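Visitor: Can you read through this structure? Questions will come right after.
Read the figures in this text as sums done on the coordinates, not as results from a lab. Just so it is clear, the model here is predicted, and its values are computed rather than measured. Quick reminder, even Gly has a Cβ in these numbers, built from the backbone with ideal geometry, and neighbours come from all protein chains shown.
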Amino acid sequence: MLDATQRRLSHLLTAPEGVGAALHEAGDPDGRSLASFIVSDGLLDATSRLEVYANAYFARLHAVLCDDFGALAAAIGGDWMNDVVVAYLLACPPRRPSIRHAGEKLGDFLAAHPAALPFRRRFPWCADLARLEHALCDAFDAADASLRTRESLATLPPDAWPALHLPVAPCARVLRLEWPVLPLREAYERDETPPAPPAEPEAGAALVWRRDELVRFRPLEPLEALLLERAAAGDPFEALCAAAAREVGEADAPACTAQLLAGWIDAGLIAA
């Protein structure tokens, strides 16, 4: 009985169109089915009491999404962000208990969902900014890992290098972006007025990761983005050098790859 009551309350409190609409859809527009577990009084009937909690649930989701996607909210303004949140929650209501995951589909929603078409037309870069900010949340919560050190690599014999695998730390993400949205997030983190949004698309890549309990991000040059992706996919050092050779030539590829690897290790990007 308790389990059924909990499921019923959860369904009503999280219904996208509200408690009243959910009851009407279930064939109980007057909310008579609530009488067995919700007490009415002279001020509020059972439906109105539930609406209070449903509104609080939406307000909490709204606050979390505006916080997790702070640069997006700052760049498009409060009224537009409210419309984004409402449209997103109607189209993609949370399916997991933790509020931490509430915004996990916002980037995809803004990129492709029919309900997001007005936002794409007005802010064509908004999906990329949402993806960047969600990656920052993911990096913050990612699992810890023991990291490679320069000293551990220095002990490897030369013949071990070709087959050496360089697993990328769980907190690291390489993002492929169509719009240059990093300045919008940088301004938000400095608590500055958002700069003018990008007027034209400009394909690029960004790295998001966590180091010393701080989430960081920076742009990536094409070669570094490619090699990091290949390392994350499990390619050994020899394959990374071969990929670099196609870009910079065979003579410079080993040194170029080794230089990038040293930077990755210093940044805490390579797991042991």
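Visitor: Highest first, please rank the peptides 205-211, 20-26 by the mean number of other Cβ atoms sitting within 10 Å of their residues.
Guide: The densest-packed peptide leads the list: 205-211, 20-26.
Visitor: Going by how many other beta carbons lie within 10 Å of each one, how would you line up L65, L89, fewest first? Write down the numbers at each step before the final one.
Guide: Details: L65 22, L89 19.
Listed from fewest to most nearby Cβ atoms, that is L89, L65.
Visitor: In whole Hz, with x marking every Gly and Pro, tabulate ³J(HN,Hα) for segment 259-271 from phi via Karplus 6.51 cos²θ - 1.76 cosθ + 1.60, θ = phi - 60°.
Guide: Result, rounded to whole Hz: 5, 5, 4, 4, x, 5, 5, 4, 7, x, 9, 10, 7.
Visitor: Place the peptides 66-79, 154-167 in order of packing, highest mean first, counting for every residue the other Cβ atoms within 10 Å and averaging per peptide.
Guide: Working: 66-79: 18.8, 154-167: 11.0.
The packing order, highest mean first, is 66-79, 154-167.
Visitor: Which one of A112, L89, L44 is farthest out on the positive end of the charge dipole of segment 35-121, using unit charges on Cβ (Lys, Arg +1; Asp, Glu -1) and the Cα centre as origin?
Guide: The one lying farthest along the dipole's positive direction is A112.
Visitor: Further question on the same structure: Hey, what do the phi angles of segment 152-159 turn into as Karplus ³J(HN,Hα) couplings, whole Hz, using 6.51/-1.76/1.60 and θ = phi - 60°, x for Gly and Pro?
Guide: Karplus values, whole Hz, x for Gly and Pro: 5, 6, 5, 8, 6, x, x, 6.
Visitor: Report, in deg cm²/dmol and to the nearest 500, the calculated mean residue ellipticity at 222 nm for the chain, where each DSSP H run with n ≥ 4 adds -39500 (n - 2.57) and the sum is divided by the residue count.
Guide: Computed mean residue ellipticity for the chain: -16000 deg cm²/dmol.
Visitor: Compute the acute angle (0 to 90°) between the alpha-carbon long axis of helix 237-248 and the principal axis of greatest extent of the alpha-carbon atoms of the chain; round to the nearest 10°.
Guide: 80 degrees
Visitor: Any idea what the dipole of segment 69-267 comes to, in debye rounded to 20, about its Cα centre with Lys/Arg Cβ at +1 and Asp/Glu Cβ at -1? Walk me through the numbers before you get to the answer.
Guide: Working: 20 positive and 29 negative charges, 137 e Å.
It works out to roughly 660 debye.
Visitor: Got a sec? How would V19, V52, V215, V86 order by Cβ neighbour count within 10 Å, fewest to most?
Guide: Details: V19 25, V52 11, V215 18, V86 14.
In increasing order of surrounding Cβ atoms, one gets V52, V86, V215, V19.
Visitor: Go through 254-264, 186-196 and give me the packing order, highest mean Cβ count within 10 Å leading.
Guide: On the way: 254-264: 16.8, 186-196: 12.2.
Highest-to-lowest ranking by the protection proxy: 254-264, 186-196.
Visitor: R216's amide H: which non-local residues (gap 5+, or another chain) put their own amide H closer than 5 Å, with H modeled 1.01 Å from N in plane and none for Pro or chain starts?
Guide: The list, which skips near neighbours in sequence, is W209, R210, R211.
Visitor: Let me ask something else. Return the sequence-ordered ³J(HN,Hα) values of segment 55-64 in whole Hz as given by the Karplus equation 6.51 cos²θ - 1.76 cosθ + 1.60 applied to θ = phi - 60°, using x for Gly and Pro.
Guide: 5, 5, 4, 5, 4, 5, 4, 4, 5, 5
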